[in-house]
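K.L.:
Provided herewith is a single structure, encoded as structure tokens, for subsequent inquiry.
The values are calculated or read from the model by the stated rules, or taken from the named source; none is laboratory data. Just so we're clear, the structure is a prediction, and the values are computed from it rather than from any experiment. Here the Cβ is made from the backbone with ideal geometry for all residues, glycine too, and neighbour counts use every protein chain on show. These accessible areas exclude ligands, DNA and RNA; they are computed on the full protein's heavy atoms, side chains included. Shrake-Rupley method; radii C 1.70, N 1.55, O 1.52, S 1.80 Å.
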Amino acid sequence: MEAATRAFHFLGSTGAIRAGYHTHDWAGCAIGPPACWSPTLSNAASLILESEFPMYVVWGPQLTFLYNAAFAALLDSRHPQALGQPLAEVLPDLWPGVKPLIERALGGHPTYGEDVPCPVYRDGRPATGWFTLAYSPLRDEKGLVRGVLCVTSETTQRVQLERRNALQLQVVDTLRRLHHPSDIIETACALIGKYLQLDNACYVEADEESGSFEVVHDWHRTVQAAPSMTGRLARLDDFGVSTLALLRTGAPLAVHDTEGDGRLPERGPRYAAAGVRAMLALPRVRRNELKAALVGYSNTPREWDEEAQRVAADIAERSWEALDRVRAEQALRDAVARQTTLLDMNEFRLELSDVLRRLDDPARIFAETGAMLGRFLQVSRVLYGDYDADKGLVTFHSNYTDGIVAELNGTFPTSLFGNGNYTALAHGTWVSSDLQRDTRTNGPEVWPNYAALQVRSGVVVPITRNGALTACLFIHDNLPRVWSADIVRLIEDVAERSWSAVERVRAEEALRLADRRKDEFLAMLAHELRNPLAPISAAAQLLNMGTPDSARIERTSAIIARQVTHMTGLIDDLLDVSRVTRGLVVLARDEIDLRRVIADAVEQVRPLIEARHHQLTLRMPPDGDAAVVQGDYKRLVQVLANMLNNAAKYTPENGLLAIGLDLTRDQVLLSVADSGIGISAELLPTVFDLFSQAERTSDRAQGGLGLGLALVKSLVELHGGMVTVASAGRNQGSEFTLRLPRRQGGNVEEAPPATAAPVAGSHLNLMLVDDNVDAALTLGLLLESGGHTVTVVHDPRDALARAARQSFDGFLLDIGLPGMSGYELARRLRKAGAHEALLVAITGYGRQADQGGADGAGFDHYFVKPVDPAGLFEVLAVRAAGRTS
């Protein structure tokens with residue numbers, strides 16, 4: 001009766017929840033209706049119903065679940081069906097967490113759990129709540145534990161506040177250590193993505209003026225096959241009118257499901273197709289303009305509860321503050337640095353000038369300027385690199401490092417660092433503040449190489465000469481770094497001034513080398529000219545010793561003729577090289593078969609080849625293959641004869657010589673190889689240079705000025721070709737290869753006709769004018785020996801007077817006369833009546849310009865001293881024959 005009274009009191013003294021107990025169908029319930037409850041259970045039920053705190057009781061073997069009105073609010077839609085049911089079945093998501101606590105209480109031990117996370121429902125939506133739980137055992141009249149009383153106190157707000165505060169401290173502490181905007185952006189995306197358990201989070205920057213936004217960083221929770229959206233540009237209108245208007249107010253945009261959100265009627269399916277089903281966007285607005293946003297994505301629909309939005313807003317706001325801080329710090333540093341470092345830069349430039357002024361070695365210039373710049377900028381590495389555009393290679397040298405990063409030396413393909421980056425150097429200096437985030441360098445093929453070299457930021461200054469990139473100055477830092485315009489200009493200044501200093505030093509060294517070579521050449525020239533002068537002098541003395549007989553005269557005349565021919569060859573070589581190297585030679589442009597060139601060159605050099613008992617072999621293409629080039633026949637014969645003459649001269653007797661002719665589609669290759677003394681590796685680079693003749697034999701037994709190969713190179717280049725040399729070294733022979741553009745088809749010029757023998761005729765009455773008495777006397781005697789009458793005059797005015805009194809068939813005039821040049825004398829002779837007379841210039845001036853001046857003065861022929869007797873007699877014979885005809 002007492003238990004029934006308590007049950008009646010229990011059922012009648014509460015509100016709606018008691019009514020629920022009263023009307024509840026307890027059939028099938030393990031503990032039966034309230035009227036059947038034991039006093040302990042009735043008292044416990046009465047206790048929880050009277051309490052304002054959420055409380056519940058579990059009773060009996062099945063842990064039947066009873067609760068009060070305060071706890072019913074936490075059950076949401078599961079009330080009242082949960083009343084009287086086993087706890088494990090009613091709250092399966094709660095059961096794993098509370099089971100240990102209940103089992104301990106059932107063992108007779110009161111249990112306490114603080115801030116236990118429990119799934120709850122609020123407004124029909126699942127959520128997580130935190131509770132402090134106190135479990136007490138309930139004993140029956142016999143003292144046995146039959147159930148458990150649980151008193152709960154919700155601590156959700158406090159826990160969320162504490163967690164939010166902890167997160168804020170973590171965010172602030174993390175961001176405080178960062179000093180570059182890109183690091184802050186990356187960290188903010190990672191924090192919001194991990195804390196809210198998102199699939200993606202990105203940072204976008206908006207440009208209201210252009211109506212676009214750019215994805216600056218894209219964070220993924222897992223590694224995905226899909227490419228990163230970093231660097232992608234899109235229109236602001238893609239957000240939609242209403243959502244864009246909301247974002248411009250600074251309010252967050254929370255989309256539970258993009259497919260069903262009315263604010264995205266047209267764009268929702270596009271978001272869903274891209275894998276974006278839920279979205280939370282946190283805008284940054286300054287001066288009523290949308291500047292940026294942190295955007296989180298989920299691949300499945302998701303409720304963004306108030307706490308999630310609040311946490312995301314906190315992270316975003318702290319990130320905005322950190323960005324403002326680092327940018328303000330950077331602006332302050334820039335302002336202070338600009339004021340304080342301009343003077344430092346000027347001092348640095350003065351010091352640089354002093355260093356460059358005293359250094360005279362390119363390697364030291366590179367090393368010391370790099371070290372100066374590295375210390376001044378406090379960077380990790382400074383180095384120079386030589387660039388080979390044809391091969392796509394860069395060779396690094398002259399390293400300065402801070403001792404942390406390693407030196408970088410050697411040759412590498414430019415593709416390792418991004419070919420596009422080297423191509424961009426054609427447009428100017430290349431700058432990157434963060435290579436890891438720079439789209440030019442953060443690709444999977446390139447960034448690992450920079451990372452391995454500890455290059456996080458850098459500046460590359462191109463050094464161009466004649467429109468081509470030849471070298472670069474590289475500045476590396478192992479941390480992200482913003483390079484101010486002043487710093488970039490300083491680096492550019494150092495690069496240009498250092499390279500100019502290197503060029504100056506190299507030019508000075510080249511001048512010294514050229515001067516030394518010139519001195520060596522002049523000494524060699526004096527030696528070579530003295531060689532023929534000695535036998536000439538001896539022959540002259542021999543002729544003066546007593547009465548010479550015919551045999552002595554014949555021998556001495558032959559000696560003099562040979563030595564004069566040798567000296568003439570030396571002087572002709574000098575003049576020829578001078579004309580060719582100064583571009584004063586005009587080449588004929590005829591279609592020429594190189595087979596004829598080879599035949600004529602071999603014919604010229606054959607006496608030397610036979611005298612030294614060499615074996616010459618020819619390797620020619622099939623007769624049907626035309627080896628035709630465009631050029632000057634005589635000059636090409638001169639080139640090949642020079643090469644073949646060198647091969648014969650510098651090959652010991654009984655040597656092997658070979659001429660090869662090969663054809664490609666576009667080129668004719670002509671090679672001359674020998675088994676001679678070879679060329680040392682030191683001489684090979686300069687073998688074609690003027691004044692660079694090295695002694696190929698210690699006694700210079702072969703003689704010569706060493707101008708032949710310089711002449712060969714110049715003539716070949718005038719023909720649009722090139723000549724190269726290869727030799728394995730001393731006594732290993734040499735091979736010279738000539739490459740000329742090949743002509744297809746065309747009319748091949750015939751060989752120049754042989755010169756006709758001079759026609760004998762009557763003698764001429766000649767006047768010879770030369771201020772050199774010996775030269776005039778010997779030439780006069782030579783002409784008289786040919787049957788001509790010769791009047792020798794040494795003064796041009798005497799010549800004019802003599803010509804006025806006497807008629808002459810011809811005049812032989814020196815150009816360098818005293819008081820009046822030979823040109824002027826010729827003009828006056830023509831005006832004085834010598835209209836039909838033969839005028840022949842005989843001079844030591846052999847330039848084309850001198851010959852042009854002679855033509856303008858009225859000369860008929862031009863001879864360079866020493867005069868070729870055969871040629872002169874031929875000219876006189878032709879005139880004599882014309883006079884008698």
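K.L.:
Heavy-atom accessible area of Glu214 with all protein chains present, probe 1.4 Å, nearest 10 Å²?
P.N.:
Accessible area, nearest 10 Å²: 80 Å².
K.L.:
Sticking with this structure for a sec: Any idea of the accessible area per residue across the chain, 1.4 Å probe, to the nearest Å²? Show your work: numbers first, answer last.
P.N.:
On the way: 44500 Å² over 885 residues.
Counting only protein heavy atoms, the per-residue value for the chain is 50 Å².
K.L.:
Out of these labelled values of Rg and Dmax of the Cα atoms in Å, (i) 30.8, 111; (ii) 28.8, 91; (iii) 52.8, 182, which was calculated from the coordinates shown here?
P.N.:
Only one option fits the structure, namely (iii).
K.L.:
Given a 1.4 Å probe and the protein chains all in place, what does the accessible area of Lys713 round to, in Å² to the nearest 10?
P.N.:
Here the accessible area works out near 70 Å².
K.L.:
Determine the dipole magnitude for the chain: charges of +1 sit on the beta-carbon of Lys and Arg, -1 on that of Asp and Glu, nothing else is charged, the reference point is the Cα centre, and the result goes in debye to the nearest 20.
P.N.:
Numbers: 89 positive and 110 negative charges, 51 e Å.
So the dipole magnitude of the chain works out to roughly 240 debye.
K.L.:
Would you pull out the residues with amide H under 5 Å of Trp130's amide H, same chain only if 5 or more places away, H placed 1.01 Å from N?
P.N.:
Cys118, Thr155, Thr156
K.L.:
Taking all protein chains in place and a 1.4 Å probe, what share, in percent, of the accessible surface of region 56-164 do carbon and sulfur account for? Each step should come with its number before you reach the end.
P.N.:
Details: 2840 of 5350 Å².
Its accessible area is 53 percent carbon and sulfur atoms.
K.L.:
Further, regarding this structure: Give me a comma-separated list of calculated 3J(HN,Hα) values for region 820-825, in order, Karplus coefficients 6.51, -1.76, 1.60 applied at θ = phi - 60°, integers in Hz, x for any Gly or Pro.
P.N.:
Rounded to whole hertz, the list is 7, 6, x, 4, 5, 4.
K.L.:
Considering only protein heavy atoms, what is the solvent-accessible area of His794 at a probe of 1.4 Å, reported in Å² to the nearest 10?
P.N.:
Result for His794: roughly 70 Å² accessible.
K.L.:
Could I ask something else about it? Can you give the FRET efficiency to the nearest 0.05 for Gln170 and Arg104, using r as the Cβ-Cβ distance and R₀ = 35 Å?
P.N.:
Details: r = 34 Å, r/R0 = 0.98.
Computed FRET efficiency for Gln170 and Arg104: 0.55.
K.L.:
Counting alpha carbon pairs within less than 8 Å and at least 6 residues apart, what relative contact order, in whole percent, applies to the chain?
P.N.:
Working: 1411 pairs, mean separation 43.3, N = 885.
Rounded, it is 5 percent for the chain.
K.L.:
What part of the accessible area of region 341-459, given as a whole %, is carbon or sulfur when the probe is 1.4 angstrom? It would help to have the intermediate numbers written out before the result.
P.N.:
Numbers: 3000 of 5820 Å².
After summing per-atom areas, the C and S share lands at 52 percent.
K.L.:
Then there is this: Counting only protein heavy atoms and using a 1.4 Å probe, what share of the accessible area of region 774-885 belongs to carbon plus sulfur, as a whole percent?
P.N.:
On the way: 2820 of 5490 Å².
Whole-percent figure for carbon plus sulfur exposure: 51.
K.L.:
Now for a different question. With a 1.4 Å probe and all protein chains in place, put Cys29, Cys189 in order of accessible area, largest first. Please report the intermediate quantities before stating the final value.
P.N.:
Details: Cys29 25, Cys189 0 Å².
The ranking, largest first, comes out as Cys29, Cys189.
K.L.:
Here is a further query. Which pairs break 23 Å Cα to Cα here: Lys713/Lys865; Lys99/Lys142; Lys634/Lys713?
P.N.:
Numbers: Lys713/Lys865 27 Å; Lys99/Lys142 25 Å; Lys634/Lys713 15 Å.
Beyond 23 Å between Cα atoms: Lys713/Lys865; Lys99/Lys142.
K.L.:
Do the sum for the chain: with -39,500 (n - 2.57) for every DSSP H run of n ≥ 4, divided by all residues, what is the mean residue ellipticity at 222 nm, to the nearest 500 deg cm²/dmol? Don't skip to the end; give the middle numbers.
P.N.:
Numbers: 24 runs with 382 residues, N = 885.
Value at 222 nm, helices only, nearest 500: -14500 deg cm²/dmol.
K.L.:
Could you give me the ³J(HN,Hα) list for region 57-67, computed from phi with Karplus coefficients 6.51, -1.76, 1.60 and θ = phi - 60°, whole Hz, x at Gly and Pro?
P.N.:
10, 10, 9, x, x, 8, 6, 4, 9, 10, 8
K.L.:
Taking every pair of distinct Cα atoms and averaging 1/r, then inverting, what Kirkwood hydrodynamic radius in Å comes out for region 285-408? Provide the component values of the computation, followed by the final result.
P.N.:
Numbers: mean 1/r = 0.0501 Å⁻¹.
Evaluated on region 285-408, it is 20.0 Å.
K.L.:
Another question, if that's okay. Could you calculate the contour length gain from Asp774 to Ala468, that is, 0.36 nm times the residue separation minus the distance between their Cα atoms, to one decimal place in nm? Provide the component values of the computation, followed by the final result.
P.N.:
Numbers: separation 306, 0.36 × 306 = 110.16 nm, distance 5.85 nm.
Net length gain for the segment: 104.3 nm.
K.L.:
Along the positive direction of the dipole of the chain (beta-carbon charges: Lys, Arg +1; Asp, Glu -1; about the Cα centre), which of Gly443, Thr464, Ile487 reaches farthest?
P.N.:
Checked the options; the winner is Ile487.
K.L.:
Which ³J(HN,Hα) values in Hz, rounded to whole numbers, follow from the phi angles of region 135-148 under the Karplus curve 6.51 cos²θ - 1.76 cosθ + 1.60, where θ = phi - 60° and Gly and Pro get x?
P.N.:
9, 10, x, 10, 10, 7, 5, 9, x, 8, 6, 10, x, 9
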